[in-house]
Amino acid sequence: MKKTVFIDGQHGTTGLKINERLSGRKDIEVIEITGADRKDLTTKEKLLNEADIVFLCLPDDAARQSVGLIKNKLVCVIDGSTAHRVAEGWVYGLPELKKEQRNLIKNSKRISVPGCHATGFIAMLYPLVARGIVSPDYPVTCHTTAGYSGGGKAMIADYQGENVPDYIKNPRPYSLALNHKHIPEMTKITGLAHAPIFAPTVVNVYNGEIISIPLVVPNLQKKLTAAEMRAVLADYYTGEQFIKVMPYPADDYLKNGYMTFTDCNGTNNLEIFVFGNDERILLSARFDNLGKGASGAAVQNMNIILGVDEGTGL
């Protein structure tokens, strides 16, 4: 029997990608909302309560409003916004996080899809904190380079509009007050005692992301070399379909010594690299901010709920 799916925010960047990934599937039926009814709360409330699964691809306040309209306790909500990522009663939708995470997702009616930056950050750091290698008190710093599609329609228009000024074309660090909205989930899910210093940069590429965390070996709880650190992460993600830990050294996966930016685009893959030596380590994750960082993760969570192969449609 087909499951019905409603994408609230179907015309946004993530909503369009989810729709694209669901097209052609025989096990679900996507409920459409017409342009005239998109802002009609009565129509929206009806569709929200009729669907088996609801994807929320909305700004935070709108996502909270839509959740408040759902009275049918059987409706499963997969929220792509920031609104519920650290909220009580919501399961964090990173299936690879720990052994029990998939069961938590499968048995929940409220799943929050991780933020794009948080996805790479947590995938690299959570295993190291959980295994006592990085202390929760470690002063974590992190830098991200990401494509402009992560900023939604407004930022896409800035980059793709007419007469784009030269400064838009250059790499642009932002969130310089060090209060990026992904920091709460990055801190809570990894179990850090203090928020990381997180410095993101947007670049003139539509999608793609590399996020990096430097570690000083003498300051770790367990003093591991880069090669040993890579072995720990590879063991943690053994058998995972979408998270791969790349070989160390990674020279064969670089291009003239450079780590390239868009290799995971169009996929739900996340690749973890470990660089460095006996004293200093750099962890880097490469993925598609619209894939594993958004729509791909949302569909992966839906597949777990439906009990089908996680890679279906991905």
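Observations
- Leading residue by the ranking (surrounded by the fewest Cβ atoms within 10 Å (Cβ to Cβ)) among those in the stretch 102-117 that are in contact with an Asp or Glu (Cβ under 8 Å, 6 or more places away or on another chain) and under 29 Å from Lys73 (Cα atoms): Arg110
- Any hit, the stretch 197-206, residues being in the same structural domain as Pro139 (by TED's automatic domain parsing) and closer than 17 Å to Glu96 by Cβ: no
- Residue that is out of contact with any Leu (no Cβ under 7 Å at 6 or more places or on another chain) and under 22 Å from Gly115 (Cβ atoms), where the choices are Gly291, Gly313: Gly291
- Any pair with Cβ under 7 angstrom, 6 or more apart, that starts in the stretch 151-162 at a residue that is aromatic (Phe, Trp, Tyr) and ends at one that is modelled with pLDDT of 90 or more: Tyr159/Tyr148; Tyr159/Ile168; Tyr159/Asn204
- Met229 satisfies every condition listed in (1) surrounded by 17 or more Cβ atoms within 10 Å (Cβ to Cβ); (2) in contact with a Phe, Trp or Tyr (Cβ under 7 Å, 6 or more places away or on another chain) except (2).
- Per this entry, Tyr167 is not counted among residues that are within 20 Å of Cys116 (Cα to Cα), free of Cβ contacts under 8 Å to residues at least 60 places away in the same chain and out of contact with any His (no Cβ under 7 Å at 6 or more places or on another chain).
- Check on Ala199, surrounded by 14 or more Cβ atoms within 10 Å (Cβ to Cβ) and among the small types (Gly, Ala, Ser): yes
The values are calculated or read from the model by the stated rules, or taken from the named source; none is laboratory data. In this text, all values refer to a predicted model and were calculated from it rather than measured experimentally. Cβ: placed from backbone, ideal geometry, glycine included. Neighbour counts: every protein chain shown.
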